[in-house]
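Engineer: Structure incoming, see below.
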Amino acid sequence: MTKSAWGWTWFAFLLALDIAIPWYVLTSVEKMSGAFLFWTIWAAAAIISAFIVLLKWRGVEE
Amino acid sequence: MSATFWVWFGIAVYIAVGLGIALMARRRLGVGVSEFFLANRRVGGFVSALSYSATTYSAFMMVGLVGLTYFTGVGALGFELTYLCGMFMMVFFLPRFWLVGRKYGYVSPMELLSDRYQNRGVGATAAILALVFLVPYGAVQLMGVGYLMNGVSGGAIPVVAGIIIAVVCAIAWSSIAGLRSVAWTDAFQALIMIVTSAAVLGVVIAALGGFGAFFSKLEAASPGLLTVPAAGGAWNINMFIGLALPWLFFLISNPQVSQRLFIPKSVTAMKQMLGGFLIFGFIYTLISVLWGFGAHLLVPGLENADLATPKLLSLTMIPTGLAIVVMIGITAAAISTIDSILLTLSSVWARDIHKGLINRKVSEKGELRVGQWVIPIMAIIAFLFAWWVTEQPEGGLNLMIAPLSSAASAGLLMAVPTIFGAFFWKRATALGAMVSCIAGAVLVLVFQLTGERPLGWWPGTWGFIVCAVLFVGVSLSTKPPKEKAEEFIGYLREALKKGNFI
C-alpha cells in the first residue's frame, strides 16, 4: 500500500471510531470519563498523526 | 462609570487598534490582484496559522458551540472535534493546493476548478454556490456579535447596533489592504481570543471549586449531558452526521479557508500553519465546550442557548474588565471571519464571475475594482439576513447559531466531490462537476426550506449522497479533459514526491 493509501485508511478508521465508540460503547457512561474523554483522546490521536506526516515534509523549489 | 460606558470604551479601543493594524498592513500593500487577495503568496507560518485559526474559529465557537453544549451536551464536543479530525485531510490537500496555486497562479479555488476541468462553468457554478451559502454563514458571525454586545452591556446595546458595528469593521478591514490587513488583524485577535477565553474559563472553574469539583457537579447535576444520544435524544446519529458531515469537509468546501492554502510563503510556513492551527483548534474547542458546561451549571434554565456566553460573562464572578476584553476578543474573531468571507467572495466574483463569464478582457485593475465594490454589497446582504434572523421569535433549535452555520456548510459541501475529482480522479468531467453541484445544492435548499428529512437524514447528508452519485455517474458518461488531467495530476505526482508529501 502507498503512503497515501495508508493515510486515507487511517482517516477512515478514525471516522469509524467517531461513531462506534460514543454511540455503541459509551452510551450509558454518564461521566466525564466517558464520551468526553474518548473524543478528547481521539482528536489528540488525529492531531498527532497529522504531525507525524507533516514533519516529514521538506522544502521544494519555488 | 457604568458597565455600558466601559463596553463602549472597549469597542472604541478595539476599532482604533484594528484600524491601526490595518493601516500598517496597507503600507506593505503592493499592486495587483494576487497582492490584494493573497498577499502575493508571501505570508509567514505564524501569521498564517493564527489567521487560519481566527477565520475558522469565530463567534460560532464562543457563542454557537457554547450554546450547543449548554443545550445538548457532549455531542457538541464530538461534532466540533470531528471537524478537527477532518483537518487530517490537510496533509493531502494543503500541499496540493499550495503547489498548483504557485504553478498556475490561481487566485481563487474556483479558478483552480475552472482550469482543471477546462470549463469556466465549473468555477462559476462553485462561485454561485459560495455566494448563496456563505451569506448565512457570514450572517451568523454578525448575529454572534449582536447577541454578545447586547448581553455584556445588560441590554443597553441593541443587538442590531452590534451587528452594524461588525459590518462596518468587516468592510473596512477587508478593503484597506486586502488579505494583508485581514491576516494581520486576525493574528492579533486570535491571540487575544485564546488567552482571554482561557482566563474566563479559569475563573469559572475556580468558582466551581476546581476541575475535580466542576466535573463532579456536572456529573451530579446533568449526567445526561455527558452521553450521546442525550438531552432528549438530541444527538441521535442522524443529527450528528447531519451537522458533522459538512464540518468534516469544511477545509476544502469553504473557499474563505481553502483560499488560505495558497498563501504560505514556503514549505516551512505551511508546516507552521497546519501545526499551529491544530494546536490552537484543540485547545480552543476544549475551552468552548467546558465553557458551555460551566454556563449550564452557573446560569441554568436559559431558553435561548445562544445567550449562554453573554449571560456567563455578565455574572458578578467575572470581573467586568475581563468580560469586556473577552467580548472584544470574540467580536474581533467574528469580524475576522466575516472580513475573510467578504474578501474571498469579492475575489470569487471578480475572477470567476466577472472575468470568467461577463468580461473576459477586463484589465487587472478593473478586476480589482470590481472585487472592491463587491465587498460592501455582500456585507449589506449578510447584514439584512442577520437582522431578519434576530427578529424571529426566540428559541427553536433551527435558528440557533450552530445549526445555521452547519446548514450553510451543507450547501458548500456540494463542491466537495468536484474538488476531490480535480486532484484525484482523471476521469472526472466538467459536466459531472456542474450537474452534481447544482442538483445537490437545489436538494439541500429544498430540504432546508421545507424541513423535509426523509429517513431522518439531514439535508446535507442527502445532498452529499446525491451529489457524489451524480458526479461519478455523469463523469463516466461524458468526456474528460484528458490532456489537462494528465498534466495537472502528473505535475502533482512529481512535485509531491520531491517534497515528501503524501
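Engineer: Have a look at chain B and give its Rg and Dmax from the Cα atoms, expressed in angstrom.
Structural biologist: 22.0, 71
Engineer: Region B:428-486: which GluC sites (Glu not before Pro) are DSSP loop and have at most 13 other beta-carbon atoms within 10 angstrom? Could you put the intermediate results ahead of the total?
Structural biologist: Details: sites: B:452, B:483, B:486; in loops: B:452.
Here the GluC sites (Glu not before Pro) that fit, given the DSSP loop and packing criteria, are B:452.
Engineer: Determine the sum of side-chain charges near residue B:20: Lys and Arg each +1, Asp and Glu each -1, restricted to other residues whose C-beta is under 12 angstrom from that of residue B:20. Kindly include the intermediate steps, with their values, before the conclusion.
Structural biologist: Values: positive: B:26, B:27; negative: none.
Overall, the nearby charge balance is +2.
Engineer: So how long is each side of the protein assembly as shown along the principal axes, counting just the alpha-carbon atoms, biggest first, in Å?
Structural biologist: On the principal axes, the protein assembly as shown reaches 65, 53, 47 Å in Cα extent.
Engineer: Averaged over peptide B:69-82, how many Cβ atoms belonging to another chain are found within 10 Å of each residue's Cβ?
Structural biologist: On the way: counts 0, 0, 0, 0, 3, 10, 4, 0, 7, 11, 2, 2, 9, 8.
Averaged over the peptide's residues, the number is 4.
Engineer: First obtain the Kirkwood hydrodynamic radius of region A:3-55 from its Cα pairs, then insert it into the Stokes-Einstein equation at 20 °C and 1.002 mPa s, and state the resulting D in µm² per second as a whole number.
Structural biologist: Numbers: Rh = 12.0 Å.
Approximately 178 µm²/s, per Stokes-Einstein.
Engineer: Additional query: Can you give the FRET efficiency to the nearest 0.05 for residue A:20 and residue B:283, using r as the Cβ-Cβ distance and R₀ = 30 Å?
Structural biologist: Working: r = 26 Å, r/R0 = 0.87.
The pair residue A:20/residue B:283 has a calculated efficiency of 0.70.
Engineer: Still on this structure: What's the magnitude of the charge dipole for region B:97-224 around its Cα centre, counting Lys and Arg as +1 and Asp and Glu as -1 at the beta-carbon? Answer in Debye, nearest 20.
Structural biologist: Working: 6 positive and 4 negative charges, 62 e Å.
Using Cβ point charges on Lys, Arg, Asp and Glu, region B:97-224 gives about 300 debye.
Engineer: Next up: For the cross-link pairs A:3/B:271; B:355/B:479; A:31/B:311; B:271/B:497, which exceed 23 Å when the distance is taken from alpha carbon to alpha carbon?
Structural biologist: The pairs that break the limit, which is 23 Å between Cα atoms, are B:355/B:479; A:31/B:311.
Engineer: Ok, one more. Over all residues in A:41-48, what is the mean tally of Cβ atoms on other chains that come within 10 Å of each residue's Cβ? Provide the component values of the computation, followed by the final result.
Structural biologist: Numbers: counts 0, 5, 14, 4, 2, 9, 11, 1.
Neighbouring Cβ atoms belonging to other protein chains average 6 per residue here.
Engineer: Once amide H atoms are built 1.01 Å from N in the peptide plane, which residues 5 or more positions from residue B:43, or in another chain, come under 5 Å H to H?
Structural biologist: Excluding prolines and chain starts, which carry no amide H, the hits are B:265.
Engineer: Dipole of region B:3-498, Cα-centred, from +1 at each Lys and Arg C-beta and -1 at each Asp and Glu C-beta, to the nearest 20 debye? Intermediate results must be reported in sequence, preceding the final value.
Structural biologist: On the way: 31 positive and 19 negative charges, 399 e Å.
It works out to roughly 1920 debye.
Engineer: Could you size up the charge dipole of the protein assembly as shown around its Cα centre, putting +1 on the beta carbon of Lys and Arg and -1 on that of Asp and Glu, and report it in debye to the nearest 20?
Structural biologist: Numbers: 35 positive and 23 negative charges, 405 e Å.
That gives a dipole near 1940 debye.
Engineer: Are there trypsin sites (Lys or Arg not before Pro) in region A:2-62 that DSSP marks as loop and that have at most 12 other Cβ atoms within 10 Å, and which are they? Numbers along the way, then the final one.
Structural biologist: Numbers: sites: A:3, A:31, A:56, A:58; in loops: A:31, A:56, A:58.
Those that pass, being in a loop and sparsely packed, are A:58.
Engineer: Could you state the angle between the C-alpha long axis of helix B:3-27 and the longest principal axis of the C-alpha atoms of chain B, as a value from 0 to 90 degrees rounded to the nearest 10?
Structural biologist: The angle comes out near 20 degrees.
Engineer: Assuming 0.36 nm per residue, please report the length gained on full extension of the stretch residue B:322 to residue B:168 beyond their Cα-Cα distance. Don't skip to the answer; put the middle values down first.
Structural biologist: Numbers: separation 154, 0.36 × 154 = 55.44 nm, distance 2.47 nm.
In short, 53.0 nm is gained.
Engineer: Round to the nearest 0.05 the FRET efficiency obtained for residue B:365 and residue B:500 when R0 = 45 Å and r is the Cβ-Cβ distance.
Structural biologist: Working: r = 40 Å, r/R0 = 0.90.
Computed FRET efficiency for residue B:365 and residue B:500: 0.65.
Engineer: Taking θ as phi - 60°, what are the ³J(HN,Hα) couplings along region B:465-474 by the Karplus curve (6.51, -1.76, 1.60), each to the nearest whole Hz, with x for Gly and Pro?
Structural biologist: Result, rounded to whole Hz: 5, 4, 4, 5, 5, 5, 4, 5, x, 5.
Engineer: Out of B:490, B:281, B:347, whose Cα points farthest toward the positive end of the dipole of chain B (charges: +1 Lys, Arg; -1 Asp, Glu; placed on Cβ)?
Structural biologist: Sorting the options by dipole projection puts first B:490.
Engineer: With no solvent and one equal point scatterer placed on each C-alpha of region B:132-190, evaluate the Debye formula and give log10 I(q)/I(0) for q = 0.15, 0.21, 0.24, 0.26 Å⁻¹, two decimals.
Structural biologist: Relative scattering, expressed as log10 I(q)/I(0), comes to -0.52, -0.88, -1.00, -1.04.
Engineer: Additional query: In chain B, if the dipole is taken from +1 on Lys/Arg beta carbons and -1 on Asp/Glu beta carbons about the Cα centre, which of B:381, B:291, B:159 is farthest to the positive end?
Structural biologist: With unit charges placed on the Cβ atoms, the residue in question is B:381.
Engineer: May I ask for the net charge around residue B:243, where only other residues with Cβ less than 14 Å from the Cβ of residue B:243 are counted and Lys, Arg are +1 while Asp, Glu are -1?
Structural biologist: Details: positive: B:453; negative: A:18, B:80.
That sum, taken over residues with Cβ under 14 Å, equals -1.
Engineer: Sum -39500 (n - 2.57) across every DSSP H segment of at least 4 residues in chain B, then divide by the residue count to get the 222 nm mean residue ellipticity, nearest 500. Each step should come with its number before you reach the end.
Structural biologist: Details: 23 runs with 368 residues, N = 502.
Helices in chain B give a 222 nm mean residue ellipticity of -24500 deg cm²/dmol.
Engineer: Right, another one. All other residues with a Cβ under 14 Å from the Cβ of residue B:363 taken together, and with Lys, Arg as +1 and Asp, Glu as -1, what is their net charge? Please list the in-between numbers first.
Structural biologist: Values: positive: B:351, B:355, B:360, B:361, B:365, B:369; negative: B:364, B:367.
Spelling it out: positives minus negatives among the neighbours equals +4.
Engineer: Over the whole of B:262-270, what's the average partner chain Cβ count within 10 Å per residue? Rounded to a whole number, please. Write down the numbers at each step before the final one.
Structural biologist: Details: counts 0, 0, 0, 1, 3, 6, 3, 0, 3.
The mean count of partner-chain Cβ atoms within 10 Å per residue comes to 2.
Engineer: Please state the relative contact order of region B:86-212 as a whole percent: Cα pairs under 8 Å, 6+ residues apart? Intermediate values should be presented prior to the final figure.
Structural biologist: Values: 51 pairs, mean separation 12.2, N = 127.
For region B:86-212, the relative contact order is 10 percent.
Engineer: Helix B:237-248: angle to the longest alpha-carbon principal axis of chain B, degrees 0 to 90, nearest 10?
Structural biologist: 60 degrees
Engineer: Choose one of B:460, B:109, B:132: the residue whose Cα lies farthest towards the positive end of the charge dipole of the protein assembly as shown (beta-carbon charges +1 Lys, Arg; -1 Asp, Glu; about the Cα centre).
Structural biologist: Of B:460, B:109, B:132, it is B:109.
Engineer: Right, here's the next one. Explain nothing, just the number: relative contact order of chain B, from Cα pairs under 8 Å at least 6 residues apart, as a whole percent. Show your work: numbers first, answer last.
Structural biologist: Working: 833 pairs, mean separation 153.1, N = 502.
30 percent.
Bear in mind these aren't lab numbers, they're just calculated from the coordinates by the rules spelled out. In this text, all values refer to a predicted model and were calculated from it rather than measured experimentally. Glycine also receives a Cβ, built like all others from the backbone with ideal geometry; neighbour counts cover every protein chain displayed.
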